[in-house]
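To start, the structure itself, in structure tokens.
The values are calculated or read from the model by the stated rules, or taken from the named source; none is laboratory data. Everything quoted here is computed from the prediction, not taken from an experiment. Here Cβ is always computed from backbone atoms with ideal geometry, including for glycine, and neighbour counts include all displayed protein chains. When the accessible area is computed, the model is the full protein with side chains, heavy atoms only, and any ligands, DNA or RNA have been set aside. Shrake-Rupley method; radii C 1.70, N 1.55, O 1.52, S 1.80 Å.
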Amino acid sequence: MTTIVMDRICRLFISLQQIKEVPRMLTEAAPSIPGTVRDTDVPPFFRERFICTGYRPLHQRWRYYFLSIFQRHNETVNIWTHLLALLVLLVKLCQVAETVDFAGDRQSWPLLVLIVSAINYTAWSVMAHLLGGKSELCHYAFFFLDYVGVAQYQYGSVVVHYYYTIEEDFYSRVHAVFIPVAVLLSWCSCLGCCYGKYCSHFLPLWVRKVGQVTPSSLAYMWDISPVMHRLLFNPGGLGDPAAIYHLGHIGFFISCAFFFAYPVLERCLPGRCDILGQSHQLFHVLLSCCTMCQIHASHLDYVGRRELYERLHENGAAALLVGLYVLTVLVCLLIAAFMLRKAKNMLDRQAKLK
């Protein structure tokens, strides 16, 4: 017994020694990784308000940007907040799949759409913050993909609220238009965000924010209406096990929307939030918490409200919602591709004028 214990301790010690060698191995693998630069050393397009240092130089090899995930720069925390959220969501999917038969139970498909859409938006956000600093065209491409992730997650949110959360009286008033309007608002959200990014070169910042925030806000208000109706007008709504998570989802979303729209910390402490403490970093954390609350609330509704939603929705409704999710993703990708082509043409014109 003593021999076995000593053997395991030795193996653990060896493993720890190997982990300590990881930084050295990364350094040897990329011995010439450039350091970060100031805002004056990158084009104005890449500068964030009140962020003075920590920018990665442009036009490096792809390996540099992939390895910069382990480097200290002003996007490091943005990358890791959503990378960790992505890992948590994958674990959550595995946990839910242990008790939910996604393959055999069509009623579970809206819940699967929500989780998949959440995984997609976090993964595409990681790609945007990790690789969007290579060039202006790459910045457009990866952030347009990020906006596709936002739009398809908005649709995923609508699906679970419409399918599981909605009350019967509210359903009777909106069921004919609720999903078509939600799909249209998701497309508008993607278009507004992409256009806001595209026009950053030639229009004021407030135009970009209006383009990004207004369609997304309208989409969220439409998306959350079944939840608000249930919490406000259902007599037993606040006593429901899922109610606290729905309230948490709403609270976290309002908080993260505030930090997305207003760089409060950077404005108050210019130059001190370059690496840690940016409002966008808080936005990532709060949005991840919002997503987890939403998934947990939807899972509880899926389990506890089955008699109601089976009665409300037709047999093929879940399959139709999945099909519309695929359509939403495809249309948003086409919007992003169209806006990327416009951005490329604009950059080509600017290059010819130089």
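Some points to look at:
- Counting only residues at least eight positions apart within a chain, or on another chain, the lysines with an alpha carbon under 23 Å from that of Lys352 are Lys134, Lys197, Lys342, Lys344.
- For the chain, adding -39500 (n - 2.57) for each run of n ≥ 4 DSSP H residues and dividing by the number of residues yields -24500 deg cm²/dmol at 222 nm.
- Net dipole in debye of the range 92-179 [+1 Lys, Arg Cβ; -1 Asp, Glu Cβ; about Cα centre; nearest 20]: 260 debye
- Accessible area per residue (1.4 Å probe, heavy atoms of protein chains only) ranks Phe143, Phe178 as Phe143, Phe178, with the largest value leading.
- Choice from Val183, Val88, Val329 with maximal GNM fluctuation in the chain (Cα, 10 Å cutoff): Val88
- If you take the Cα centroid of the range 44-100 and the Cα centroid of the range 210-268, the two points sit 25 Å apart.
- Among Asn74, Asn315, Asn120, residue whose mean-square fluctuation peaks in a GNM of the chain (springs only between Cα atoms under 10 Å): Asn315
- The chain: relative contact order in percent, alpha carbon pairs under 8 Å with at least 6 residues between: 22 percent
- Given their separation in residues at 0.36 nm each and the Cα-Cα distance between them, Val326 and Val88 gain 83.3 nm when the chain is fully extended.
- Each of Cys190, Ser108, Ser157 was placed along the dipole of the chain (beta-carbon charges, centred on the mean Cα), and the one lying farthest toward the positive end is Cys190.
- The residues neighbouring Ala336, those whose beta-carbon lies less than 15 Å from its own, together hold a net charge of +3 under the Lys/Arg +1, Asp/Glu -1 convention.
- Average Cα contact separation per residue, the range 67-204, under 8 Å, 6 or more apart, as relative contact order %: 22 percent
- Within the chain, helices built from complete DSSP H runs that reach 20 Å or longer along their own axis (Cα positions) and carry a mean Kyte-Doolittle hydropathy of -1.0 or higher are 2-20, 76-99, 109-131, 136-160, 178-198, 205-233, 243-261, 279-304, 317-353.
- Estimated dipole of the chain in Debye, rounded to 20 [Cβ of Lys and Arg +1, of Asp and Glu -1, Cα centre]: 1520 debye
- Spin-label pair Lys352/Asn234, simplified geometry with 7 Å Cα→Cβ offset, distance in nm: 5.9 nm
- Highest-MSF residue in the chain out of Leu287, Leu320, Leu218 [GNM, Cα springs under 10 Å]: Leu320
- Among residues other than Val181 with Cβ under 15 Å from its Cβ, the summed charge is 0 (Lys and Arg +1, Asp and Glu -1).
- Applying 0.36 nm per residue to the separation of Arg306 and Glu98 and subtracting their alpha-carbon distance, the gain on full extension is 73.0 nm.
- Separation of the Arg47 and Phe258 label points, Cα + 7 Å toward Cβ, nm: 2.9 nm
- Within the range 74-166, the proportion of Cα pairs with more than 17 Å between them is 55 percent.
- q = 0.18, 0.23, 0.30, 0.32 Å⁻¹, the range 39-90: log10 I(q)/I(0) [Debye, one scatterer per Cα]: -0.68, -0.95, -1.18, -1.23
- If you sort Glu307, Glu98, Glu167 by accessible surface, 1.4 Å probe, largest first, the order is Glu98, Glu307, Glu167.
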